[in-house]
Amino acid sequence: MSNIIYKSDMLQPHTPSLTGHLPDKDDDLDLISFLTIILQRKTTIIVTTLLAVVLGVGCSLLLTPRWTSHAIIVAPSPKELRSMDKTITQLAVLGISADITPDSLLSDFMRNFDSRDLREKYLVNTHYFTQLVKEQQGSPQETSRLIDTILDGNIASHSSGQDKAEDKKEYRYYKVSYTAENATAARDLLEGYISYVTQVVEDELHQKINYQVDLLKGKAQGEYELELARAENAHQVKLQRLNYALSIANSAGLKHPSWSNGSSIKDDPDYSVTLGANGLLRKLEIERSLQDVAQLNPDLLNRRLYIGQLNALKINEMEILPFKYMRQPYEPLKQDKSQRKLLIILFALAGILGSSGYVLINTKIRQRAELQLPGAG
């Protein structure tokens, strides 16, 4: 009789046992069962989460402090361009277009500021980077990784074009920044890099203008030499004609100008003899005394003057400031908002999820083990 199973017993639903074990129904857990297990094992979950938080706090203390210096720049004003006015005016007078505008200067500066090659060249020569390398005493590969780390996250620029519609300004500006491990280094690095890029922009403009001037010099010098050769040829032809005319005047017995004694003759269009032998001889002496044919040629003298003014240009002495500060680099007073809080929160979430998962899996394993025991049913 003890083996008889009553119908009423078959209809009764299974319920969790007092030990907290759940029935195995298609190997699934519903929400109520999940919460029941979590509440029963809350001590394990809380302890594990606290340990994760402590670990997160410890890891956050190892994070390197970060300080960021900012500067805001806009296109240069006439005050910044004043040192260039004299040179630009000279270029304009000589017909050279420098194409230098406030907007173009600012664009050139930011184009170079965002250059990764320039950032690296500047960084590796700074005292700050040299000290970091000494402290690490790493291999060349580690030094390269350090450079990449600094360049990828520590130098930044922001354009007014990236602002949201409600934050748009009526003027164009750029916000540049440099991040370092201390406030003074952040400011010094930003100031140094801005100066470094400014020098690069100045050198580029000097090279650009010098190139244009050199091209113009070459053209002007070539034209001058060609005109000078033509003038010398014309001078030689003139001397030869004067010799021929003198010979003809002597043969004709014309010693004095033909109009001096009241007579007139029809002059030869190629070899003029109306001056007479005496006049032709004096003219020939004057022409022969000319050592420089340009002395009596205004076009050649003007070309020579133009070339002299081109040679007198001193482009490399032109100082260029491609921007105006709206806010100069400063030494930050507050440390950057670190990722410590976020790191602690992530460790806490990992503790909660990890401990909850462990509790659920452990409970499920125990349930299966109990169901497989003899007489478990």
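From the set of residues in the stretch 115-132 that are at pLDDT 85 or above and closer than 17 Å to Asn182 by Cβ, which is surrounded by the most Cβ atoms within 10 Å (Cβ to Cβ)?
Filtering first and then ranking leaves Leu123.
Within the stretch 133-147, is even one residue crowded, with 16+ Cβ neighbours inside 10 Å, within 22 Å of the chain's Cα centre (by Cα) and under 29 Å from Asp214 (Cβ atoms)?
no
Output the qualifying pairs, or none if there are none: Cβ atoms under 8 angstrom, residues six or more apart or on different chains, first residue in the stretch 361-375 and more than 16 Å from Gln40 (Cα to Cα) and of a type in the set (Asp, Glu), second residue at pLDDT below 75 and surrounded by 12 or more Cβ atoms within 10 Å (Cβ to Cβ).
From the stretch 361-375, the pairs are Glu370/His21.
Please work out if Asn210 is surrounded by fewer than 16 Cβ atoms within 10 Å (Cβ to Cβ), among the polar types (S, T, N, Q) and outside the structural domain of Phe113 (by TED's automatic domain parsing).
So Asn210 does not fit the description; no.
Return a yes/no flag: does the stretch 309-316 have any residue that is crowded, with 18+ Cβ neighbours inside 10 Å, assigned to a loop (DSSP other than H, G, I, E, B) and either out of contact with any strand residue (DSSP E or B) (no Cβ under 6 Å at 6 or more places or on another chain) or at pLDDT below 85 (or both).
yes
Is there any pair with a first residue in the stretch 216-233 that is touching a residue at least 12 places away in the same chain (Cβ under 8 Å) and a second that is among the polar types (S, T, N, Q) and surrounded by 13 or more Cβ atoms within 10 Å (Cβ to Cβ) whose Cβ atoms are under 6 Å apart and which are 6 or more apart or on different chains, and what are they?
Every condition considered, the pairs that remain are Ala231/Asn297.
Considering only the stretch 90-105, state which residues are farther than 12 Å from Ile315 by Cα, part of a helix (DSSP H, G or I) and either within 24 Å of the chain's Cα centre (by Cα) or at pLDDT below 85 (or both).
Pro102, Asp103, Ser104, Leu105
In the same structural domain as Pro76 (by TED's automatic domain parsing), assigned to a loop (DSSP other than H, G, I, E, B), touching a residue at least 60 places away in the same chain (Cβ under 8 Å) and aromatic (Phe, Trp, Tyr): which single residue out of Tyr128, Tyr171 fits that description?
Selected residue: Tyr171, the only one of Tyr128, Tyr171 that is in the same structural domain as Pro76 (by TED's automatic domain parsing), assigned to a loop (DSSP other than H, G, I, E, B), touching a residue at least 60 places away in the same chain (Cβ under 8 Å) and aromatic (Phe, Trp, Tyr).
Here's the yes/no breakdown for (1) part of a helix (DSSP H, G or I); (2) of a type outside the set (A, V, I, L, M); (3) modelled with pLDDT under 75:
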{"site": "Lys25", "(1), (2), (3)": "no, yes, yes"}
{"site": "Thr36", "(1), (2), (3)": "yes, yes, no"}
{"site": "Thr48", "(1), (2), (3)": "yes, yes, no"}
{"site": "Cys59", "(1), (2), (3)": "yes, yes, yes"}
{"site": "Thr64", "(1), (2), (3)": "no, yes, yes"}
{"site": "Ile73", "(1), (2), (3)": "no, no, no"}
{"site": "Thr87", "(1), (2), (3)": "yes, yes, no"}
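The values are calculated or read from the model by the stated rules, or taken from the named source; none is laboratory data. Everything numeric in this text was worked out from a predicted model, so none of it was measured. With ideal geometry, Cβ positions are generated from the backbone for all residues, glycine too; neighbour counts draw on all protein chains shown.
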